[in-house]
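Peer 1: Here you go, one structure.
The values are calculated or read from the model by the stated rules, or taken from the named source; none is laboratory data. Everything numeric here is computed off the predicted structure, so don't read it as measured data. Glycine also receives a Cβ, built like all others from the backbone with ideal geometry; neighbour counts cover every protein chain displayed.
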Amino acid sequence: MNETPNVTLARGDGIGPEITDAVLNILDSAGARLNFEEIQIGETQFLSGHKSGIAPETWETIRKNPVFLKAPITTPLGGGYKSLNVTIRKSLNLFANVRPSRAYAPYVPCQFENMDLVVIRENEEDLYAGIEHQQTAEVTQVLKLITRPGCERIVRYAFEYARAHGRKHVTCMTKNNIMKHTDGLFSKVFHEIAQEYPDIQNDHQIIDIGAARVAAEPHKFDVIVTLNLYGDIISDIASQVTGSVGLAGSANIGEHVSMFEAVHGSAPDIAGKDLANPSGLLLGATQMLVHLGQQDVAQRIENAWLKTLEDGVHTGDLFGAQSTQRVGCKAFAKAIAERLGEEPKALKPVHYEPKTMVIPKSRPILTPSDKKLEGVDVFIDWNQTGRIPAKLAQELAAAGDEWRLKMITNRGVKVWPEGMPETFCTDHWRCRFLPVRPEVSNGDIVSLLANLHAAGFDVIKTENLYSFAGERAYSLGQGE
Ligand code: NAD
């Protein structure tokens, strides 16, 4: 690790510049070994015509430096502006979002004074791949993509994180009882990789009860690893339960570049008034120091910050029964700098092992897969009067002589053969065809589609049905 690494710095919008100044002063006083390179992103760039909030030449700086400390930015309303965070995350392959949530009771009121958990959220796949379609008048869809390399990488990262941060337990959360192939893959990979970390305990929980437990007994969790959407939701639940989302920092980890920030936004309502609490960005910065191997500096800063909270020196957003002094952003930073070298007495001090964390790489699966085509699901937009499945089945059967119609589902529920008249049917029908011959190819599917087209059907998409190593790799229809 470079002794004085380069850090890309964006001061952001709204309260961004003032909390950045506060954080830079603390980093400097604590002896952080960092070389900052400043860039302009956000509101000024959006308004000067860059729809993503960043000028093309600025990417060069972000890509060449190992870390990026980013203050919150304002996304102008309307005008089709894209979220800069999502753009940076996806463009730079920042695969892991790490969000610690800790209680600071009684200084920040929280019911669970021993709560100290970290959510590690897969950051690129799942429903956030952004592949959505509307293909019939009534039905929209989104594609949920879960890849084995993606699962392996995030799960391995979670165990490596636990090891490097002295944590004891990793909980995986999925909905694998319903989504057996996508969430099922994530949990399967979790159980495989957990074997490689016998020093870390592990368990799996279904996301719905898991999320309820994060709300009701958060002190029982240590590290949670989960898919993108679930992670987005439970990390917010966890932050909220600590009593203040405003204190949370967040890391977006990649192989070459990682980005660190506060969870909150640019708070334009209090900008320029010296009222902002710089803690979220400060905790993002201490995550960055740990990531860079400067655990000693991170520990000094976080302990001084905890001591400041404990001494009752609070910004307005935290001011309450335990406060002794109401301060602005600048004075709060000064109070932290003055306490460097001190440890909290009531709150638990932090202690970081001087261990360098391994960032797992994505490993493509290179062995040829034993994949066999077993059939095809043909999706049809069909809106004939009464929407009677048996009538559709009769018309379809006439169109595919090399294929046998196995079933029809509507919204995943089998409606033919032997469907129930109560099942509501939309205009979006999945028609499962199995081949009459033992071997089929994509060419046979093309012929089937040509026949269906000639018979007047509006085919809106197909999904091939495969087995891998003899195991069925597609879901059955509900009721099939
Ligand atoms: P916000 O987090 O900026 O503000 C919500 C409330 O919390 C406001 O009342 C604000 O005054 C207060 N607050 C936030 N941070 C504070 C701090 N450090 N100290 C004291 N009080 C604080 O959320 P918002 O109002 O929904 O969004 C404002 C802007 O921020 C929007 O343009 C939004 O797009 C942007 N935003 C940016 C990021 C980011 O860059 N990572 C994240 C969220 C929102």
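Peer 1: Only one residue in GLY412, GLY443 is surrounded by fewer than 16 Cβ atoms within 10 Å (Cβ to Cβ) and at positive phi, so which one is that?
Peer 2: GLY412
Peer 1: How about the range 453-480: which of its residues are among the hydrophobic types (A, V, I, L, M, F, W, C), modelled with pLDDT of 95 or more and within 20 Å of GLN135 (Cα to Cα)?
Peer 2: Within the range 453-480, PHE457, VAL459, ILE460 meet the criteria.
Peer 1: Then there is this: What are the residues in the range 5-21 that are more than 10 Å from the ligand (Cβ to nearest atom), in contact (Cβ under 8 Å) with a residue 60 or more places away in the chain and either over 15 Å from SER279 (Cβ atoms) or of a type in the set (A, V, I, L, M, F, W, C) (or both), if any?
Peer 2: Selection gives PRO5, ASN6, VAL7, THR8, LEU9, ARG11.
Peer 1: Would you mind stating whether SER467 is under 33 Å from the mean Cα position of the chain (by Cα) and farther than 21 Å from ASP381 by Cβ?
Peer 2: Spelling it out, SER467 is indeed under 33 Å from the mean Cα position of the chain (by Cα) and farther than 21 Å from ASP381 by Cβ.
Peer 1: Does the range 212-226 hold any residues that are part of a helix (DSSP H, G or I) and crowded, with 19+ Cβ neighbours inside 10 Å, and which are they?
Peer 2: VAL214, PRO218
Peer 1: Which of the residues spanning the range 188-204 are part of a strand (DSSP E or B) and closer than 21 Å to ASN177 by Cβ?
Peer 2: Within the range 188-204, ASN202, ASP203, HIS204 qualify.
Peer 1: Return the total of residues in the range 130-160 being of a type in the set (Ser, Thr, Tyr) and over 16 Å from the mean Cα position of the chain (by Cα).
Peer 2: 2
Peer 1: Of the residues that sit in the range 95-120 and are farther than 22 Å from THR324 by Cα and part of a loop (DSSP other than H, G, I, E, B), which one is nearest to the chain's Cα centre (by Cα)?
Peer 2: Filtering first and then ranking leaves PHE95.
Peer 1: Among the residues that make up the range 134-155, is at least one of them at negative phi, of a type in the set (Gly, Ala, Ser) and within 16 Å of the ligand (Cβ to nearest atom)?
Peer 2: No, the range 134-155 has no match at all.
Peer 1: Now a separate question. So which pairs qualify, if the first residue must be in the range 189-204 and closer than 19 Å to SER362 by Cα, the second must be of a type outside the set (Lys, Arg) and not in a loop (DSSP other than H, G, I, E, B), the Cβ gap must be under 6 Å, and the two must be at least 6 apart or on different chains?
Peer 2: Matching pairs, first to second residue: VAL189/CYS151; VAL189/GLU152; VAL189/VAL155; PHE190/VAL155; PHE190/CYS172; ILE193/VAL155; ALA194/ASN202; TYR197/PHE159.
Peer 1: Test MET288 against the stated conditions and say whether it is of a type outside the set (Asp, Glu) and within 20 Å of ALA162 (Cβ to Cβ).
Peer 2: yes
Peer 1: Moving on to the next point. Out of the range 55-80, which residues are under 11 Å from ILE41 (Cα atoms), more than 15 Å from the ligand (Cβ to nearest atom) and either surrounded by 12 or more Cβ atoms within 10 Å (Cβ to Cβ) or within 22 Å of the chain's Cα centre (by Cα) (or both)?
Peer 2: The answer is ALA55, THR58, TRP59.
Peer 1: Find all pairs meeting these conditions: Cβ atoms under 8 angstrom apart; at least six residues apart or on different chains; first residue within the range 174-188 and basic (Lys, Arg); second residue buried (at least 20 other Cβ atoms within 10 Å of the Cβ) and not in a loop (DSSP other than H, G, I, E, B).
Peer 2: Listed pairs, sorted by first residue: LYS175/ASP183; LYS175/ILE207; LYS175/TYR230.
Peer 1: In addition: Kindly indicate whether any position in the range 332-354 is in contact with a strand residue (DSSP E or B) (Cβ under 6 Å, 6 or more places away or on another chain) and touching a residue at least 24 places away in the same chain (Cβ under 8 Å).
Peer 2: yes
Peer 1: Also, I was wondering about something else. Would you confirm whether or not the range 251-270 contains a residue that is among the charged types (D, E, K, R) and touching a strand residue (DSSP E or B) at 6+ places or on another chain (Cβ under 6 Å)?
Peer 2: Checking the range 251-270: at least one residue is among the charged types (D, E, K, R) and touching a strand residue (DSSP E or B) at 6+ places or on another chain (Cβ under 6 Å).
Peer 1: Working carefully through the options PHE95, PHE112, find the one that is among the aromatic types (Phe, Trp, Tyr) and out of contact with any Gly (no Cβ under 9 Å at 6 or more places or on another chain).
Peer 2: PHE112
Peer 1: Only residues in the range 64-81 that are under 16 Å from GLY280 (Cα atoms) count as the first member; pair them with residues that are away from the ligand (no atom under 12 Å from the Cβ) and of a type in the set (A, V, I, L, M, F, W, C), Cβ under 7 angstrom, at least 6 apart or cross-chain, and list the lot.
Peer 2: Taking only residues 6 or more apart or on different chains, the pairs are PHE68/ILE62; PHE68/VAL257; LEU69/VAL7; LEU69/LEU9; LEU69/ALA285; LEU69/MET288.
Peer 1: Another question, then. Looking only at residues in the range 81-94 that are surrounded by 19 or more Cβ atoms within 10 Å (Cβ to Cβ) and in a loop (DSSP other than H, G, I, E, B), which one is nearest to the ligand (Cβ to nearest atom)?
Peer 2: Residue satisfying both the conditions and the ranking: LEU94.
Peer 1: Looking at SER447, is it touching a Pro at 6+ places or on another chain (Cβ under 7 Å) and either in the same structural domain as PHE468 (by TED's automatic domain parsing) or among the small types (Gly, Ala, Ser) (or both)?
Peer 2: No, not satisfied.
Peer 1: Let me ask another. Name the single residue, out of those in the range 368-396 being among the small types (Gly, Ala, Ser) and farther than 22 Å from THR136 by Cβ, that is surrounded by the most Cβ atoms within 10 Å (Cβ to Cβ).
Peer 2: Per the stated criteria, the residue is GLY375.
Peer 1: Quick check on the range 22-46: of everything there that is more than 18 Å from LEU282 (Cβ to Cβ) and in a loop (DSSP other than H, G, I, E, B), which residue is nearest to the ligand (Cβ to nearest atom)?
Peer 2: Within the range 22-46, the match that is nearest to the ligand (Cβ to nearest atom) is GLY42.
Peer 1: Keeping to the range 146-157, report how many residues are closer than 13 Å to SER187 by Cβ and either among the charged types (D, E, K, R) or assigned to a helix (DSSP H, G or I) (or both).
Peer 2: Of the residues in the range 146-157, 5 are closer than 13 Å to SER187 by Cβ and either among the charged types (D, E, K, R) or assigned to a helix (DSSP H, G or I) (or both).
Peer 1: Consider PRO100 carefully, then state whether it is within 24 Å of LEU24 (Cβ to Cβ), of a type outside the set (A, V, I, L, M, F, W, C) and more than 12 Å from the ligand (Cβ to nearest atom).
Peer 2: yes
Peer 1: Let me ask something else. Can you find, within the range 392-438, the residue that is farthest from the chain's Cα centre (by Cα) among those that are hydroxyl-bearing (Ser, Thr, Tyr) and not in a strand (DSSP E or B)?
Peer 2: THR423
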